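See below for the structure under consideration.
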Amino acid sequence: MTSKFSNLLFGLAISSLASNAIATDISTLEKECHDGKGKSCADAGVFYENSDKADLKKAEKMYLLGCDLDDMFSCGALIYLPDHEDNSINTTASNKGKENNQGTAYASKKQNDSLNDYINAFQKRDSSTDLKSVYSAINDYCEKGNGRACLYTGIMNNYGLGTKRNLKKAVSNYESACDSNESKACYNLGFMYEYGKGVVKSVKTALSLFERGCSLNDGKACNSAGYLYEFGKGIKNNKGTAAKYYEKGCDLNDGQACRNRAWLYIKGKGKYHDPKKALSYFFKGCDLNDAKSCSSVGYSYLHGSGTTKDLDMARKYYKIACTRGHKKSCSFK
């Protein structure tokens, strides 16, 4: 089934995680995580990411387990682990020469290159990274009106990375960045409004922000808009509109959106019920590294839903899902 964690990503629903994780024996957290307690997975991930001897592979493993348990923090944390691909981090070299004043263009490019250096330092951080200095530098750019910088100060305020966690500042940062057409900031801000983190909860405001992020081609924002149209409280549900947002999100390579579109075909009635089309969306979601999509492909082969039964193919895709952190798939042999 579709799960609520498809609306995740960057807003965090857990408070004081780092201090709690350090204060608790890590082996206890890991045991609780494997016993199905998503928050303990998140706490363990934070411990491994932020301890003096950072172990990012272990952090990722814990977050994957937590995300599979629908822990919102864990799913969001996966996005900002170091070396996460971020196609928005391109310098403005492609715009070189568009400025009438070449001196101004050069200064602007130099400034953006410097900002990108700090953002890259944040993305590739390890235990030796001085995150306080990185935050201070990026925040200076944000205060000067740079939308991309505000996106990242928002993230750092949201997570408490390089600065004390401050959701209200994160909201303010995201607002500035969204106003500058940073699609991820619109998505993050929408999440905070959906769950009332740092702001008064408003599903309608969240939806408008997700729709704006989607119009700026953020696949996760499209997925979240679709989810609210399908399940959201306080707005008129519309599965047809949900399907359109899921389709756009899938086209923008968001694996969860592909999976959610597939489920509409599974749950639909009459002409809206189409297991073959569902399977094609599950396949794409799996190709986009969505573990639950891979599990759904395995299930389809196991039961002959949209395809012929094939135990070997079912085993193959359950194994892929297991490798990518979907714990329930690991029980299939």
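The values are calculated or read from the model by the stated rules, or taken from the named source; none is laboratory data. The model shown is predicted, which means the values in this text are computed figures rather than measured ones. Neighbour counts are summed over all protein chains in view; Cβ atoms, including those assigned to glycine, are modelled from backbone coordinates with ideal geometry.
Structure values in brief
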quantity	calculated
Count of residues meeting criterion [in a helix (DSSP H, G or I), touching a Leu at 6+ places or on another chain (Cβ under 8 Å) and either aromatic (F, W, Y) or without any contact (Cβ under 8 Å) to a residue 40 or more places away in the chain (or both)] in the range 138-153	3
Count - residues of the range 191-211 that are at pLDDT 95 or above, within 17 Å of the chain's Cα centre (by Cα) and of a type outside the set (F, W, Y)	4
Qualifying positions in the range 161-197 - touching a Cys at 6+ places or on another chain (Cβ under 6 Å) and buried (at least 23 other Cβ atoms within 10 Å of the Cβ)	N173, A177, C178, A185, C186, L189
Whichever residue in the range 277-331 is part of a loop (DSSP other than H, G, I, E, B) and in contact (Cβ under 8 Å) with a residue 60 or more places away in the chain and, among such residues, is surrounded by the fewest Cβ atoms within 10 Å (Cβ to Cβ)	R324
Some residue of the range 115-128 being loosely packed, with under 15 Cβ neighbours inside 10 Å, hydroxyl-bearing (S, T, Y) and modelled with pLDDT under 85	yes
Residue in the range 306-328 that is of a type in the set (A, V, I, L, M), under 20 Å from the mean Cα position of the chain (by Cα) and closer than 26 Å to G66 by Cβ present	yes
C178 being under 17 Å from C142 (Cβ atoms) and out of contact with any Asp or Glu (no Cβ under 9 Å at 6 or more places or on another chain)	yes
Qualifying residue in the range 216-228 (condition: out of contact with any helix residue (DSSP H, G or I) (no Cβ under 9 Å at 6 or more places or on another chain), at negative phi and part of a loop (DSSP other than H, G, I, E, B))	no
Answer from G234, G240 - the residue that is in contact (Cβ under 8 Å) with a residue 24 or more places away in the chain, surrounded by fewer than 17 Cβ atoms within 10 Å (Cβ to Cβ) and closer than 30 Å to K204 by Cα	G234
Some residue of the range 23-32 being under 26 Å from C294 (Cβ atoms), of a type in the set (A, V, I, L, M, F, W, C) and modelled with pLDDT under 85	no
Some residue of the range 285-305 being farther than 27 Å from M62 by Cα and among the charged types (D, E, K, R)	no
N260, sole failed condition from (1) touching a Lys or Arg at 6+ places or on another chain (Cβ under 9 Å); (2) in a helix (DSSP H, G or I); (3) under 21 Å from D71 (Cβ atoms)	(1)
